[in-house]
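Please read the structure below before turning to the comments.
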Amino acid sequence: MNNTRFGSLLLGLLLLTTDLFAEGITIASGGGYKRPVQEIASLYQKTTGERVAAVFGNMSRIISQANMSGAVSLLIGDRTFFDRSELEFSDYRPLGRGRLVLAYRKGLDLKAIDDIAGKKITRIGFPDSSKAIYGAAAAEYLHNSGLMKTVENKLLKLTTVPQVSSYLISGEIDAGFINLTDARGIETLIGGWFAADSTRYPPISIEAGILKGHENSRDVARFTAFLEMPQTHAILKKYGLR
């Protein structure tokens, strides 16, 4: 069994068994936001004593699993994926704006994003646009900046933002397009990063979507209220969402 299929089955089993717990909520998030979501969930549990189960993956997969299981109360990710999914949402809570960055591995000393056109950059990773909004944003940026024709033979399509980050850390790619949130989480393990010009790709709105059928849950109400607290905003700001 390949890793993708195993990961999908594991995620499905977790979602399908969360109804065994009488208390708390289950949230699902795009993998590129794992670090802030984990910090927020941990702080919420410590502050309130309430349970939070969190699952992560590419947006297409978690939307599919949430649709099948019915166990997920909130989804955290890009509003674009929510709007084109078959899921029904009762409300949304904006968390911040997603930002595309170009990160590069240790051992390189780039001065600007345009340096990826140079000979020293041979492999550039980017997430699959059908599974991660930052793949689509990267493609838009490359086209609108005029870099696509120069670098298209260097591009390596990967599955998710965290996979691009993993390849950067291991040195399997020279540079990669990821989100600012993940870049801040791995910045001591890579050479550096540059923010892409936000006028060259569509706006990315990161939101917490409350799934229909869970809007009257006491646990959902408490968690969404917690998302508005100053300490939660501080975590979001740390990871570049505020």
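The values are calculated or read from the model by the stated rules, or taken from the named source; none is laboratory data. Note that the coordinates shown come from a computational prediction; the quantities given were computed from them, not determined experimentally. No Cβ is skipped: glycine too gets one built from the backbone with ideal geometry, and neighbour counts run over all protein chains shown. These accessible areas exclude ligands, DNA and RNA; they are computed on the full protein's heavy atoms, side chains included. Shrake-Rupley method; radii C 1.70, N 1.55, O 1.52, S 1.80 Å.
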Inset, instruction - Can you tell me which residue among Ala234, Ala221, Ala175 is within 28 Å of Leu87 (Cβ to Cβ) and of a type outside the set (Ser, Thr, Tyr)? - result: Ala221
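Across the stretch 167-177, what is the number of residues that are hydroxyl-bearing (Ser, Thr, Tyr) and either under 14 Å from Leu102 (Cα atoms) or not in a helix (DSSP H, G or I) (or both)?
Here the count works out to 1.
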Legend entry - Residue among Tyr201, Tyr167 that alone is open to solvent by 10 Å² or more (accessible area, probe 1.4 Å) and touching an Asp or Glu at 6+ places or on another chain (Cβ under 6 Å): Tyr201
Inset, instruction - Just one of (1) outside any helix (DSSP H, G or I); (2) open to solvent by 40 Å² or more (accessible area, probe 1.4 Å); (3) more than 27 Å from Val55 (Cβ to Cβ) trips up Thr150, so point out which. - result: (1)
Legend entry - Every pair of residues 6+ apart whose Cβ atoms lie under 7 Å, when the first sits in the stretch 163-181 and is closer than 23 Å to Leu236 by Cβ while the second is acidic (Asp, Glu) and open to solvent by less than 10 Å² (accessible area, probe 1.4 Å): Ser165/Asp182
Inset, instruction - Examine the stretch 113-130 for a residue that is at pLDDT below 90 and in a loop (DSSP other than H, G, I, E, B), and state whether such a residue exists. - result: yes
Legend entry - Residue count for the stretch 178-190, restricted to those that are part of a helix (DSSP H, G or I), of a type outside the set (S, T, N, Q) and over 15 Å from Gly135 (Cβ atoms): 5
Inset, instruction - Determine, yes or no, whether Leu43 is assigned to a helix (DSSP H, G or I) and open to solvent by 20 Å² or more (accessible area, probe 1.4 Å). - result: yes
Inset, instruction - Could you run through the stretch 131-147 and say how many residues are assigned to a helix (DSSP H, G or I) and either under 13 Å from the mean Cα position of the chain (by Cα) or under 17 Å from Phe82 (Cα atoms) (or both)? - result: 5
Inset, instruction - Any chance you could count how many residues in the stretch 185-206 are within 22 Å of Leu156 (Cα to Cα) and free of Cβ contacts under 8 Å to residues at least 60 places away in the same chain? - result: 2
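Here's the yes/no breakdown for (1) free of Cβ contacts under 8 Å to residues at least 12 places away in the same chain; (2) open to solvent by less than 80 Å² (accessible area, probe 1.4 Å):
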| position | (1), (2) |
| --- | --- |
| Gly98 | no, yes |
| Leu102 | no, yes |
| Lys106 | no, no |
| Asp109 | no, no |
| Ile116 | no, yes |
| Arg123 | no, no |
| Ser129 | yes, yes |
| Ala132 | no, yes |
| Gly135 | no, yes |
Inset, instruction - Read through the list (1) of a type in the set (A, V, I, L, M, F, W, C); (2) open to solvent by 20 Å² or more (accessible area, probe 1.4 Å); (3) outside any strand (DSSP E or B); (4) modelled with pLDDT under 95, then give the number of the only condition that Ala54 fails. - result: (3)
Inset, instruction - List every residue pair whose Cβ atoms lie under 6 Å apart, where the two residues are 6 or more positions apart in sequence or sit on different chains, the first residue falls within the stretch 207-236 and is touching a residue at least 24 places away in the same chain (Cβ under 8 Å), and the second residue, located anywhere, is open to solvent by 80 Å² or more (accessible area, probe 1.4 Å) and outside any strand (DSSP E or B). - result: Lys212/Glu88; Leu236/Arg242
